[in-house]
Structure formats: structure tokens, C-alpha cells
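Asker: Mind having a look at this structure? Questions to follow.
The values are calculated or read from the model by the stated rules, or taken from the named source; none is laboratory data. Given the structure is predicted, the values throughout are model-derived calculations rather than measurements. For neighbour counting, all protein chains shown are included, and Cβ atoms are generated from backbone atoms with ideal geometry for every residue, glycine included. Heavy atoms of the whole protein, side chains included, go into the accessibility calculation; ligands, DNA and RNA do not. Shrake-Rupley method; radii C 1.70, N 1.55, O 1.52, S 1.80 Å.
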Amino acid sequence: MNKRQRMFVRMVLASLLRRRSRMIIALLAIVVGATILSGLGMIYYDVPRQMSAQFRSYGANIIFVPKDGDDMTDEAIRKGIEVFPSDKLEGYTPYRYENMKFNNQPVTLAGTDFSSVLKTSPYWHISGELSDGNGGSLVGRKIAEKFGLSVGDSISLLNSFEITDDKDITGIPDYEIYTDPQTGEKYCDHSIDLKVSGILETGGSEEDYIYVTLADLGSLMLSDRSCDIVEVSVAAREDELKGYLDKINKSSYPLTAKPVKRVTASESTVLSKLEALVLIVTLVVLALTMICVATTMMAVIAERRREIGLRKALGALDSSIVLEFLSEGLVLGAVGGILGSVLGYLFANAVSMNVFSSAITFRPLLLPVTIIASVIVTGLACLIPIRSAVDVDPALVLKGE
């Protein structure tokens, strides 16, 4: 840096320090604008992840069902699940439904995997505890009220089936064959004793079922029939989900993947509106920052009219005056951008903790973007005041007019 450059830097810094009160006001406006820009920027990019995590509490957003009457085999389910990236897959739960009797009344039994059910249905409220799969069951509230069941009770589920050549009953202990007097068909009763581990409350159709493990259901039905539906929870937006679904449905897997529209559509709508709101607020704050900086610089230039007139009378070029005032504004913009970047992360983290109860993801690339944006906004805000400085007539100013 040569002497001329050092002198220019000293002039800019001295000018800023001599008018501390006005420059502090302009700096605060820039800091506030940069803080909002940085904070909302981080929230804008982190909102999909945060909102997706919140929407997962409403249940799965994708379901697998058999294709064209084919069996949805475990291998097909595994291949379908592998389509989703591991970092986006929250979990998946298979379900198999069968009708049978309890206390001589028909009930619907649902076989599932208790180890994963809360990953896809976190809204389930269980009085008692979730079955560990060792002879336990989960009874829906309506079923419990109908039969007067409570946690710790024992239940005996009965399956009656016709004896045919393809039905192996040799594995049933103490089975008894009886004949229908009207049709002459032979039937066999098979029962299984389970313990009520918990009572399920959801406010929905889940309260009409008794949940057991897939192994217990297969043992009771004397078959390992494939499941009827698989619920999948994926942390992804609607357009991403569509890509995954298209890939699965175009494959040869014997299953069809469908979105749960009430979840995916709501998530997409909320995210779109929230992102639009963040963008509008950011633009409004930046506009207000420009107005505040421009007003402050206009006041500074009005105070320095005689100085500007004297410099022009002594031969100072308009370009040197423009460069000096523009440099002052750019210094304020850079300092305000740096401070705002730091405060923006703290602001975004505080908002995220209060709204989503989780920390924001720090994005280093937003720091230089915020600083550059602050410098640009400040530079644009200084253009009108600087133009008025260039238009100062030395003759009129020095005469006191």
C-alpha cells in the first residue's frame, strides 16, 4: 500500500469516526438487515428438514400394496425400501390383517413388527407398554372397552378353518376336529393365548384392532402369507417422493408404491407458504435497511456540503468524492455483514429451538453470501446520496447559500 492509498484509508476511517452517532445508526440498520438475512436464509434452507421431521409425527407418507394380486414378498419389500436413501428413510412397518373370534365374537387381528411401528406411527398413545413380541399384544381402545380388557389381562384368540388337503394341522397342539351338521364339512379350531401388554389410543380406526406379531399371526393362521400393506416414512419433499415412487412403480417388483396424500399434500402446502413468507420478510427487511442507510448518508452529506464544495474548488475530481463516500458505505456494509452473519446464526438457532425444538444446521456458505449482500445493499443505498454530493456547486456553497 503506497502513501496515497494509506492517506485515502485514513480519510475514510477518520470520516466514519468523526460522525460516530450517525454511522452507528447506519451500522445498526445494516446489522439488523444482515442478521435477518442470514437467520432467515439458514431457516429457509433448514425448514424442509425441520418440517419434514415434524410431519413424520403424523405418520407414514408412503404405502406399499400388492400389485395385481401378486404376493408382496419380503424380497420385494426389501428392494422397494432400498430405493430410498438411508439418510432419508425414517422407518417402515408391515401389516397383515386377518378376521377371527374372541369370546365368540368376530375381531380383526393385525400382525405387525412392534420394533418399528413407532417409527411410522409416532402418534400412537399406548397405556401400558408396547409389546416386546414375546406372547404380548396391543389392544385398541374400542376393543378393550367392548370386552372390558385392561393391561395385564390374558386373551385367547380363536381361528376356525376348514380342513382341506393343503392345510397341515399336525402342528396344532390338542386340536379337535368337528363336522358341520348342515354341510358335512370338517372344521378345526386353533387358538392362541396372549397377554395384553398395552391399550392403544389414536382416535382413529387403529382402535378397532388387536395387534400381535407377524409370527404369532402366522402361527394362528397356519400360514406365512405376505403382508397386506407396508407403511413407509421418508423425510423428503413431495417432488422427491414422486421420483422415488416412479422408480419403484416402473420396476418389476410385485408391489405398488403410493403416497399418503393427506400427509404429503399438507406438507408441500405448508412448506411452500412458509418459504414464500421467509422470502417476503427478507426482501422487506433489506428494503428498510436500504432506506435507513440512504437517509443516514443523506444527512452526512448535508453536513459536509461546505467540505465537499471546498474540495471541488481546490480541484478535487467528482470520482474521488464518489469513491470516498462509497468506500465509507462499503466499510459499513462489510462490518455490518460480518456482525449480522454471526448474530443471524444465533437468531436462527433460537427460532429453531423454540419452534421445532431442535438446533439449526449451520451453513458456512451463507456467511460470505450475507456479507456480499450487505455490501451490495449498502452500496446501492449510497448511490442517491452520493449523487447529491457530486451535484454540489462550490460557488454557491462557499458563499453560504
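Asker: Is the range 240-330 best put as rounded, prolate or oblate by its Cα gyration tensor, with a ≥ b ≥ c the root eigenvalues, rounded for a/c under 1.5, and otherwise prolate when a/b is larger than b/c, oblate when not?
Answerer: Here the range 240-330 falls in the prolate category.
Asker: Something else now. So how far, in whole Å, is the C-alpha centre of the range 297-332 from the one of the range 207-266?
Answerer: Distance between centres, Cα-based: 70 Å.
Asker: Ordered by residue, what ³J(HN,Hα) values in Hz, to whole numbers, does the range 330-347 give under the Karplus form 6.51 cos²θ - 1.76 cosθ + 1.60, where θ = phi - 60° and Gly and Pro are x?
Answerer: Working through the residues one at a time gives 5, 5, 4, x, 5, 5, x, x, 5, 5, x, 5, 5, 5, x, 5, 5, 5 Hz.
Asker: Given labels modelled 7 Å from the Cα in the Cβ direction, how far is it in nm from I338 to V284?
Answerer: For the pair I338/V284, the computed spacing is 3.2 nm.
Asker: For the pair S319/S357, report the inter-label distance in nm, with labels modelled 7 Å from Cα in the Cβ direction.
Answerer: Here the answer is 6.3 nm between the modelled labels.
Asker: Can I ask one more? Can you give me the solvent accessible area of R305 with a 1.4 Å probe, rounded to the nearest 10 Å²?
Answerer: About 100 Å², rounded to the nearest 10.
Asker: Using mean Cβ contacts within 10 Å as the protection proxy, how do 274-280, 285-291, 128-134 order, highest first?
Answerer: Packing proxy ranking, top to bottom: 285-291, 128-134, 274-280.
Asker: Which FRET efficiency, nearest 0.05, do E82 and R387 yield, Cβ-Cβ r, R0 60 Å?
Answerer: FRET efficiency, E82 to R387: 0.45.
Asker: Assign one of three labels to the range 112-165, namely rounded, prolate or oblate, based on the Cα gyration tensor with a ≥ b ≥ c the square roots of its eigenvalues; rounded applies when a/c is under 1.5, prolate when it is not and a/b is larger than b/c, and oblate otherwise.
Answerer: Since a/c reaches 1.5 but b/c is at least a/b, the shape of the range 112-165 is classed as oblate.
Asker: Still on this structure, please answer the following. As a test question: what accessible area, to the nearest 10 Å², does K195 have when a 1.4 Å probe is rolled over all protein chains in place?
Answerer: 110 Å²
Asker: Determine the per residue accessible area of the range 258-369 with all protein chains present and a 1.4 angstrom probe, expressed in square angstrom.
Answerer: Heavy-atom accessible area per residue stands at 54 Å².
Asker: If you don't mind, there's one more thing I want to ask. In terms of the Cα gyration tensor, with a ≥ b ≥ c the square roots of its eigenvalues, is the range 19-146 rounded because a/c is under 1.5, prolate because a/b exceeds b/c, or oblate?
Answerer: Prolate, since a/c reaches 1.5 and a/b exceeds b/c.
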